[in-house]
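Laboratory data are not the source of any read-out in this text; all were calculated from the coordinates shown. All of these numbers come straight from a predicted model, not from anything done at the bench. A quick note on method: Cβ atoms are made from the backbone with ideal geometry, for glycine too, and the neighbour counts reach across all protein chains shown.
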Amino acid sequence: MQRFFVEPYQVQEEEHRITLTGPDVNHMKNVLRMRIGEDVWISDGGQKEYHCTIEAFEEEGAVLHILYAQEPQYELPSRIYLFQGLPKGDKMELIIQKAVELGAYSVVPVETKRCVVKLDEKKAAKKTARWQQIAESAAKQSKRMLIPEVKKAMSWKEAIAFAKELDVLLIPYELAKGMKETREILAAIEPGQSVGIFIGPEGGFEEEEVQAAMEAGAKPVTLGKRILRTETAGMTMLSILMFTLEKEDE
């Protein structure tokens, strides 16, 4: 069943009605060719989702009838921020798509010293808009209750300053201690804590960047004895955290 997102003000629960507006209406009518009476899921970007049927198409919107609402708790109990060193080519698109599927709350592109890609202000704005579209599409596909935000690309200094506000910081590093220490660090993360993950670009981090992250409170962890590509490392870390933090079914 198709999923769409709305703002809370578009939901009128007492009237069992939701008004869908914007580009999603055109996508619903002209791309998916949905018709009156078809079922859809609507998320308000928070705790609730609504099972609806399409009641009518208006000039600039779609009127949906709410059949019932529920609070399914699809989101992880911790907000995970992926600080991703800018990779070459279109790898960032894949990274964002999979990060959203794996439960990331936000993706923060970061320009580090070993980044080959350098974005000027115009390119950065265009890339960010494209990446946000990918995040929205992945959120719809993977039954997310919200659309993770892709932040504007930050410098390493800006990323460190932003990350200091989070509860737990992790940096996969080839010189980190063994698996036992990594397991202990991950097991200590409590539900509700915000978590930041630093992933380097191709070529990894400079030693001084790792040092700056550790001075900000980041704990070095290992992902095993193999060297992972930048597009693999973030997915691996997110998969581990998803398994560690996922709530048990009640």
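In table form, for the structure just shown:
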quantity	calculated
Estimated FRET transfer efficiency (E121, A212; beta-carbon r; R0 25 Å; 0.05)	0.55
Qualifying aspartates and glutamates (Cα of each under 14 Å from Cα of K113; at least 8 residues distant if same chain)	E158, E202, E206, E207, E208, E209
Contact order normalised by residue count of the chain, Cα under 8 Å, 6+ apart, percent	20 percent
Three-way shape call for the chain based on the alpha-carbon gyration tensor, with the a/c threshold at 1.5	prolate
Cβ-derived FRET efficiency at R0 45 Å, K157 paired with Q12, nearest 0.05	0.50
Segment 95-215 - Rg over Rh from alpha carbon coordinates, Kirkwood radius	0.97
Efficiency of FRET between K180 and K143 - r from beta-carbon atoms, R0 25 angstrom, step 0.05	0.10
Length added when fully stretched, R226-M1, from 0.36 nm per residue minus Cα-Cα	77.0 nm
Qualifying lysines (Cα of each under 18 Å from Cα of K219; at least 8 residues distant if same chain)	K157, K164, K177, K180
With Cα atoms, 0 to 90° folded angle of helix 121-141 axis to the chain main axis	60 degrees
Antiparallel bridge percentage (DSSP; both residues within the chain; nearest 5)	45 percent
Long-range amide H partners of R17 with built H, under 5 Å	Q12, I66
Within straight-line cross-link reach of K122, lysines at Cα separation under 19 Å, skipping those fewer than 8 residues along the same chain	K88, K151, K152
Neighbour-limited loop hits for GluC sites (Glu not before Pro), segment 86-182 (at most 14 other Cβ within 10 Å; DSSP other than H, G, I, E, B)	E165, E174
Under-5 Å amide H pairs with F4, H placed in peptide plane, nonlocal only	W41, I42, S43
Phi-based couplings in Hz for segment 23-28 (Karplus 6.51, -1.76, 1.60; Gly and Pro marked x)	x, 4, 5, 4, 4, 5
Label zone at E75, where the point sits 7 Å out along the Cα-to-Cβ direction: segment 82-97 residues whose backbone N lies under 19 Å	82-83, 97
For segment 182-250 and segment 26-91, distance of Cα centres in Å	29 Å
